[in-house]
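Here is the structure we will look at, set down as structure tokens.
Read the figures in this text as sums done on the coordinates, not as results from a lab. Values in this document were obtained by computation on a predicted structure and should not be read as measured data. Glycine also receives a Cβ, built like all others from the backbone with ideal geometry; neighbour counts cover every protein chain displayed.
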Amino acid sequence: MLSPKFERLLALIQKEWLQVFRDPSALLVAFVLPIIMLFIFGFGLSFDAKHVKIGIALEDRGSSARAFWNTFDATEYFDAAFYGNRSDAEQALADGDVRAVIIVPNDFSETLERGEAPSAQALIDGTEANLSVIVEAYALGAYAKFLTRERMERGSSAIAPAAGIINVETQMRYNESRMTRNSLVPGSIVLILAMIGTLLTTLVVAREWERGTMEATLATAVGKFEMILGKLIPYFLLGLGAATLCAVVAKYAFHVPFRGSLTAYYLTASVFLLAATGQGLLISTVCRDQTIASSIALLSSFLPNFIFSGVLFEIDAMPLVLRALSYLFPARYYASSLQTIFMVGDAWTFLVKNMAAIGALASILLVATVVKTRSRLE
Amino acid sequence: MIRFEETTKIFKGATRPALDALTATIQPGKITGVVGPDGAGKTTALRMIAGLLKPTSGRIEVFGYDATRDTRTIRSFLGYMPQKFGLYEDLSVLENLTLYAKLRNLPRSQRRSQFDKLLGFTGLERFQNRLARRLSGGMKQKLGLACAFVTTPRLLILDEPGVGVDPLSRRELWRMARELSGPETIVLWSTSYMDEAGLCDETLLLNEGRLLFAGKPQDLSARVRNRVFRIRGYSALERRRVVTNLSKNAEVVDATIQGDAIRVSFRSALSPEEVSNRFFNGREATSTDPCFEDGFIDILRSSASLRAEPHSHAVGAGSSSSAPRVVVGGRFDRDEVVVEARKLTKRFGAFTAASEIEFSIKRGEIFGLLGPNGAGKSTSFKMLCGLLKPTSGDGFVSGASLRRSSSEARKRLGYMAQKFSLYPNLTAEQNLEFYGGVYGLDFRERRRKIELALDEYDLRRYSGVASGSLPLGYKQRLALATATLHSPVALFLDEPTSGVDPLARREFWRRVDQFASEGVAVLVTTHFMDEAEYCDQIALILGGKKIAQGTPEALKERARSRELPNPTLEDAFIQLIQKGRETDDAIA
């Protein structure tokens, strides 16, 4: 025999499940949207610059200059177009036909013959800041590669190192191919779980207020904790379901490595979902209008999570105020935990520290919900 | 037993109490009606009993428990049906019942027999597995009641269960409430329909948060015994004129049109002969039984003369200071058809909301579309306003086709929507300005009409007030003023008076009568049966079809029988619905 409290709670959870699976809009948020988001982040959004159009103004027709041009033309990062003079190339840059122009001055080969590192000028279109940085780096890389090859051909001491260029040997760890997808897909999981935990919960509670079912339920013997748990548990479980779906898609459709354990994955997801659902419940206890509640949910959950997850924007590059603010959002901790689980493995000290932070935020939100929830209409 | 002791509720930011020092006692074994217009405090009172709201001062005792302190205890024996029935739309009939049974901890062993009993009672057995969202209004309401009844509660609170459902379903609901409640049960039934109040054992009549009357409904009607009369023998046009004049008479409490007769109640008891000779030039006057509403109006009028508060809207609305202007309109051709519906049909996917609706309205005629929510009257109405495009068929407003030249047709009509379609943040005058502009009146014309309207509708003292904070009766006036600013030939009113108090309703109808006597064709939808009595012609709409049309008298005549020698319009409607259902069943 179940206790009356437990029986009521079970009835509430059961009702919530039936509703979610019969309501197309809830199914959309819970299952279709995650898939769409994963695919947008997985396929559509890529920060790897490839086949960037550049122009090369070759003022020097010597063989070394042509070899230098070949270095650019040969990589898959650039599609190089040839211009006979500086002004044509600059015009192409101004027209937006090319993203960057490399000017090879007429003393290029001569300088190289003298055993000095020749200089070339790179003009880069800065309108797309992200891309320009990448192009700059690639251009420097290509230049360094060219010099190295020339040195090897002529003997290592034949060319003096160029001023300002340091030979750096980089070795990428964890994300060896430096695929941005590998860090974006885990980042999108943060957003998906935030959406289910916060937005969906807010929507269903606000709808109950609007349809008068909340009033009818309040007038039964249902208590405040049953009310909260009756919403928290179903959407928490739904979130875990979505997390499973995300992990499967990430690993098998996008081939993102999954180096951590499932235990670590589900533990962090659970803590994060508690915070997200807590936030959703708090919003809907304070605000009962569907439109306003969902706007608040979007602005207070989705948007900051998007910014502070560190996926698209580097938190360390933000102004101090924003950096300080980022500590208040669970996304910050969850995104880095997920990236760790996917690409590094179970770095428990790091994960536990992050989980503790999310857990602290979750408890604040849930306690506030309990305090704010009334078994009355006001 | 429930006891209200000086219970007051003032909502945050409100200027006047929603419920003002209510003291009353409610006895078990009876259906107690909590009666009053919108804003009377009915829902507030009911919610406080359920512990959903906390009184600002005073207390409520429910079977010996304090409503604020012992909320959980009270809720354990409470059945509560809120205004929108409180059903989960995505759950089936049986799932809704099961949910509420579990939430109220009905032992598993009792569930099946209780469900069977309730499903049998509501006639929902056949629809057990249908989702609540796909039930008709009447069925939803019965399911809502069944959910509230699932544990046979000692206290049953029903908040406006009769709103928007057809009169037959409403009658069935009353039967359910009577038969399912035991001798110790308290049933509280709130309503803004005065005719429903007459069905209760006891009533609490509220208005603007104050208790006006507590007791048996017959006792309220008894106030006006020997003061109510029916007078026949006037033509439709004369009736309107006579009623307008009567309402200015100091000896008259209330005068309304009821089919082909005039119904008048006087300040003091009179004999039929006196009435006939003194007021109606010897036309025969018959004394009739007073109803609950007569008593309500009598109280409102007498309290109006006692406390002459300039800002009390219910009183102001009925006072003679704002009586409509004298008829200035010239002659017009009474046979000219202004509005015409020809086989108007609207389908939404597989669902036919309106099927081949046909009628025509002549100049000076008031035409009523009558039917429960979801019957198709609003759909037909919206097609005629040019707001919905008919799937087939056509409508005409003074010759302009709604299909081919809907903007032309729309220019010729004035439309007053259910929720008044005023901009709540604009003042009364700004609303008038805006609608004048929308109707294309030039500046001088607009100013002239606005000045006229401000005087005529007695809106001048509110002209600078945001329309959202106007009293309901004034909102209604302003809406009518904006709808008629461009002197339309047809006036379309969609449930114009639901929720306003009877005085404001009468005053509104007097204005509508005024328009009709100036030659405007009026189309009005309503679910108030008594309001339909004002109409020259009524079409009854049910299930998307027009099931009958005629004058109120002709429709009542059809329902006359030996058992029912004096049928009301509601009786007539119920008979027609039953007949309609029988044919449906025969086909099925």
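General remarks:
- Note on A:ASP316 and A:VAL133: the extension gain reaches 64.2 nm, defined as 0.36 nm multiplied by sequence separation minus the Cα-Cα distance.
- Gaussian network model of chain A, Cα within-10 Å springs - most flexible of A:LEU361, A:LEU200, A:LEU325: A:LEU325
- Shape of region A:241-329, Cα gyration tensor, a/c cut at 1.5: oblate
- Charge context of B:THR391, other residues only, Cβ under 10 angstrom, K/R +1, D/E -1: +3
- Euclidean distance of C-alpha centroids, region B:351-422 and region B:77-102, integer Å: 36
- Relative packing of B:97-106, A:189-198, which averages over residues the other C-beta atoms within 10 Å, highest first: A:189-198, B:97-106
- For the protein assembly as shown, a simple Cβ point-charge model (Lys and Arg +1, Asp and Glu -1, everything else neutral) yields a dipole of about 2320 debye relative to the Cα centre.
- Average beta carbon contacts from partner chains per residue of A:14-27, 10 Å cutoff: 3
- Take each residue of peptide A:4-12, count the partner chain Cβ atoms within 10 Å of its Cβ, and average: the result is 3.
- Set of aspartates and glutamates with alpha-carbon distance to B:LYS9 below 17 Å, sequence-local pairs under 8 removed: A:GLU378, B:ASP20, B:ASP38, B:GLU61, B:ASP66, B:GLU208
- Largest GNM mean-square fluctuation across A:GLY62, A:GLY359, A:GLY223, computed for chain A with C-alpha springs under 10 Å, falls on A:GLY62.
- At an R0 of 25 angstrom, the distance between the Cβ atoms of B:SER469 and B:GLN418 translates into a FRET efficiency of 0.80.
- Remark: spin-label model distance B:ASP442-B:ARG283 equals 4.5 nm, labels positioned 7 Å along the Cα→Cβ axis.
- Spin-label pair A:GLU110/B:SER561, simplified geometry with 7 Å Cα→Cβ offset, distance in nm: 11.9
- Total charge dipole magnitude, chain A, about the Cα centre, Cβ charges on Lys, Arg, Asp, Glu only, Debye to nearest 20: 1880
- Whichever lysines have a C-alpha closer than 27 Å to that of B:LYS579, once near sequence neighbours (fewer than 8 apart) are set aside: B:LYS117, B:LYS140, B:LYS142, B:LYS343, B:LYS346, B:LYS377, B:LYS545, B:LYS546, B:LYS556
- Gyration tensor verdict on region B:451-521 (Cα atoms; rounded if a/c is under 1.5, prolate if a/b is larger than b/c, oblate otherwise): oblate
- Per-residue shielding of B:244-252, expressed as the average number of other chain Cβ atoms within 10 Å of the residue Cβ, stands at 0.
- Choice from A:ARG99, A:ARG66, A:ARG259 showing the highest fluctuation, given a GNM over chain A with Cα pairs closer than 10 Å: A:ARG66
- Neighbour-count ranking [beta-carbon atoms within 10 angstrom, fewest first] of B:TRP174, B:TRP189, A:TRP348: A:TRP348, B:TRP174, B:TRP189
- Residue among B:ILE257, B:PRO107, B:ALA516 farthest towards the positive dipole end of chain B, charges placed on Cβ: B:PRO107
- Placing R0 at 22 angstrom, the Cβ-Cβ distance between A:VAL371 and A:THR291 gives a FRET efficiency of 0.30 after rounding to 0.05.
- Protection proxy ranking of B:264-274, B:525-535 - average other beta-carbon atoms within 10 Å, highest first: B:525-535, B:264-274
- In chain B, taking the dipole from charged Cβ atoms about the Cα centre, the farthest positive-side position among B:GLN128, B:PHE332, B:SER235 is held by B:GLN128.
- Three-way shape label, region B:2-221, alpha-carbon gyration tensor, a/c 1.5: prolate
- About the Cα centre, charge dipole magnitude for chain B (Lys/Arg +1, Asp/Glu -1 at Cβ), debye: 1300
- Helix-derived mean residue ellipticity, 222 nm - over the protein assembly as shown, DSSP H n ≥ 4, -39500 (n - 2.57), to 500: -14000 deg cm²/dmol
- Near-label residues of region A:20-37 by backbone N, under 17 Å of a point 7 Å along Cα→Cβ of A:ALA253: A:27-37
- Between A:LEU240 and B:ALA250, the distance separating the two model label sites (each 7 Å from Cα on the Cα→Cβ line) works out to 8.1 nm.
- Taking the DSSP bridge list for region A:52-154 and keeping only pairs wholly inside it, about 25 percent are antiparallel.
- Extension gain from B:THR73 to B:ARG241, taking 0.36 nm per residue of separation minus the Cα-Cα distance: 54.7 nm
- Residues B:ASP66 and B:THR23, FRET efficiency given R0 of 22 Å [Cβ-Cβ distance, rounded to 0.05]: 0.85
- Order by protection proxy (mean Cβ within 10 Å, highest first), peptides B:365-377, B:405-417: B:365-377, B:405-417
- The DSSP beta bridges internal to chain B are antiparallel in roughly 60% of cases.
- Counting neighbouring Cβ atoms within 10 Å and putting the fewest first, the residues B:CYS147, A:CYS246 line up as A:CYS246, B:CYS147.
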